[in-house]
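Working notes for the structure below.
Each reported figure results from applying straightforward, stated rules to the coordinates on display, with no laboratory input. As the structure is a prediction and not an experimental result, all values here were calculated from the model. A quick note on method: Cβ atoms are made from the backbone with ideal geometry, for glycine too, and the neighbour counts reach across all protein chains shown.
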Amino acid sequence: MTTTTGAPSSSAVAARGAQERVLQRVVLPLDGDQDVLPLYVDGQLMAAPRTDAAPNPNAVQATVAAPGTAPTTDQVLGRTRFAVPVGERASFATYFNAFPASYWRRFSVVSVVRLSVRTTGSGTVVVYRSNAKGNVQRVSAVVVEAEGGPTTTTFDLPLKPFTDGGWYWFDLHAGSDDLVLEEAAWTTSPTAPLTPEQAAKKGSVVVTITTLNRPDYCSRLLRTLGEAVQPGGGLDGIVTEVVCTDQGTQLVSDDTEAFPDAQRLLGDRLTVIRQGNLGGSGGFSRGMYEGLQRGHDYVLLLDDDVMVEPEGIARGAAFADLAKEPTIVGGHMFSMYQRTLLNAWAEGVQRWKFWWGPSGASQPNHDLGMQNLRSTPWLHRRFDVDYNGWWMCLIPTSVIRQLGLSLPIFIKWDDAEYGLRAQDAGIPTASFPGMAVWHIPWTDKDDGIDWQAYYHARNRVVAALLHSPYPRGGNVVRELLVTQLKHLLSMQYSAAELRLMALEDVFAGPEGMHGQLPTKLPEIRALRAGYSDAVYKADAADFPARKRKKPPRKGREAEVPKGRLAVLKTAVVGIVKQGRDVDSLARSNPQAAVAHQDARWWMLSQYDSALVSAADGTGMAWYRRDRGRFLDLVRRSTALHERLARDWPELAAQYRTALPDLVSPDSWEKTFRGTPVAGQAAQPAPPAKQ
């Protein structure tokens, strides 16, 4: 059904009946950032070649923006208003403004969606849909005239055809006058009304942020939320509280630039809790705990070092309200530095080797500024996920009551384990398009070799013990041992030592996990201080000059081994080298400087010492081969991994039995009470608000 009417003064996005609910507003960025605009609106259309599938004669070909016709921020007239000049076209087939029909079809009670588009001027409103293959079909087109003031055009669109994937969106084509989008929204439709219970459900959201020594990032995030909860800001009546758990020594409340504004805007909605450093799992567990104590319907977990699109929070809450069953609703992550770069779309855990990665055919690090939604077929599929990262994740408190809080594991695998725990209980997770943050990207980190190596190894094993469907963890023990050998061949002795510490703590059992939360990190840092590969200096001039007794053979440095045989040969050569004495000159001078992107085991195993750059480019460390240390670590590594494989069934039973107590609110409350804040005595958890 399509209707066009002269719009009254009331908003086009306002619900027109007790059973009509706004699902998604069309919004635009107000920061004047041209780089981010492609996530909201695209420009003129032109055909794009399809190389991934046979042509469909009944489908409109995928399209991309033509050169020179990209929209500009000058066309953004407000949060919901956009101007299309005479004769030009704008498409809202974008991440933030297309409607993810397949996700609503799969997870919600909604069967028909209504699109309402309010415009001023003359032109055409064209509605499109796609299927899971990325083929595009024109659904409807309505001509709007300039006479008579603003015009509202509505389309009732069924969700039935979207089982496996697909989106709806609309384009605006200006006619003889400029065409201005005044506002638009996707709502439920009176043609397929909600039940009174469904229509009345509107859960309250507490946003919970855990922060550690990032007062500038965190206070700006709080200010954004404060602006959004004001009348007309999009989150008024949705976000009822914001709880910030500050675990640092540089306090968010001490930030003089943004925190005063945040405090003024949020008022009594804001609570800042001081807590000892219990890591991400401790900070997010505090947020879950507070959500339970304060009687909210949903807890939204947010990292502190993000920028958020507030409309995504409103969409996530609406999606959760209308879900067929309690559902964890996760947001996507874009890069804060390259704002159209989609770092993570759908995440899964490969059970055989128990490691995370992209789910199905989804692809990480996709730049929507270079290849938009219409020209990226895989984005039109619906991807089911095992978990969603806790950079942005909305969890119903009913789920938290059933599953408990996070595992007490400080950082790493807390979000993945929780998603697997939910999955085991029959609770789905949806990584929901149109709900996202911009986050500092992983590309500037190498947390597999720094102090976090301990948590990567320990928590991966604990998660596998809890959730692996294989009697002895599948291939995870072999994977761990292979990774350990790579660290040893790379002269990354500190990381190798931390990974052995991790296994020893696994064998110690689950009983001490809560107690280790505030104490383990100082132990890790003390251990790393004794290893040269963990000591970074700012410049190569801070180290002795590079020298080598012999030049590389035939002038060739190590190359990437190609094929399994070449990999095996390189590994054997590297292992044999470990048994030889270290070159005497390499003890006093590094033999080479290796860029971070080249610092792989097959490269580093060729040297007796090398300067290796940090992932973020801020310095370098001196890696030095140590024959005695290598042999000792190989011996201990072999023994511990053999023991892990042998004892796996008993350990799995032990951890699974302990899980309910590990994650219970009561156990976490004892940890909150018993952990002192820096410079203070331990404090009890605050009472629930009445």
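On the beta carbon distance between Ala200 and Arg79, with R0 = 22 Å, the FRET formula returns roughly 0.20. Given their separation in residues at 0.36 nm each and the Cα-Cα distance between them, Asp33 and Val86 gain 16.7 nm when the chain is fully extended. Cross-link partners among lysines for Lys569, C-alpha distance below 18 Å, same-chain residues fewer than 8 apart left out? Counting by Cα, and skipping residues close in sequence, Lys569 has these lysines nearby: Lys486, Lys577. Multiplying the residue separation of Ala541 and Gln402 by 0.36 nm and removing their Cα-Cα distance gives an extension gain of 44.4 nm. Between Gln338 and Glu511, what is the FRET efficiency for a Förster distance of 45 Å, r being their Cβ-Cβ separation, to the nearest 0.05? After rounding to 0.05, the efficiency reads 0.50. The alpha carbons of the chain stretch over 89, 65, 51 Å along the principal axes, in descending order. A straight Cα-to-Cα reach below 22 Å connects Lys133 with the lysines Lys160, residues fewer than 8 places away in its own chain not being considered. Looking at the chain alone, DSSP beta bridges between its own residues are antiparallel in about 75 percent of cases. Taking 0.36 nm per residue of separation and subtracting the Cα-Cα distance, full extension of the segment from Trp442 to Lys569 would add 42.6 nm. Taking chymotrypsin sites (Phe, Trp or Tyr not before Pro) across the stretch 90-190, none is in a DSSP loop with at most 10 further Cβ atoms lying within 10 angstrom of its Cβ. Note on Lys537: lysines with a C-alpha under 17 Å away, same-chain residues under 8 apart excluded, are Lys445. Using the Cβ-Cβ distance between Lys324 and Glu559 with R0 set to 45 Å, the FRET efficiency from 1/(1 + (r/R0)^6) comes to roughly 0.25.
Take the Cα of Ser588, go 7 Å toward its beta carbon, and the backbone nitrogen atoms of the stretch 520-546 under 17 Å from that spot belong to 543-546.
Taking the helices alone, the chain has a mean residue ellipticity at 222 nm of -9000 deg cm²/dmol, built from -39,500 (n - 2.57) per DSSP H run of at least 4 residues and averaged over all its residues. Each residue of the stretch 603-619 was assigned a 3J(HN,Hα) from its phi angle through the Karplus curve 6.51 cos²θ - 1.76 cosθ + 1.60 (θ = phi - 60°); the sequence is 7, 5, 5, 7, 10, 9, 6, 7, 8, 10, 6, 6, 4, 8, x, 8, x Hz, with glycine and proline shown as x. Cα-based values for the stretch 307-462, radius of gyration first and Dmax second, are 15.6, 43 Å.
With a simple spin-label model that places each label point 7 Å from the Cα along the Cα-to-Cβ direction, the separation between Ser253 and Glu145 comes to 6.3 nm. Label separation (Arg636 vs Ala70): 5.3 nm, computed from points 7 Å beyond Cα along the C-beta direction.
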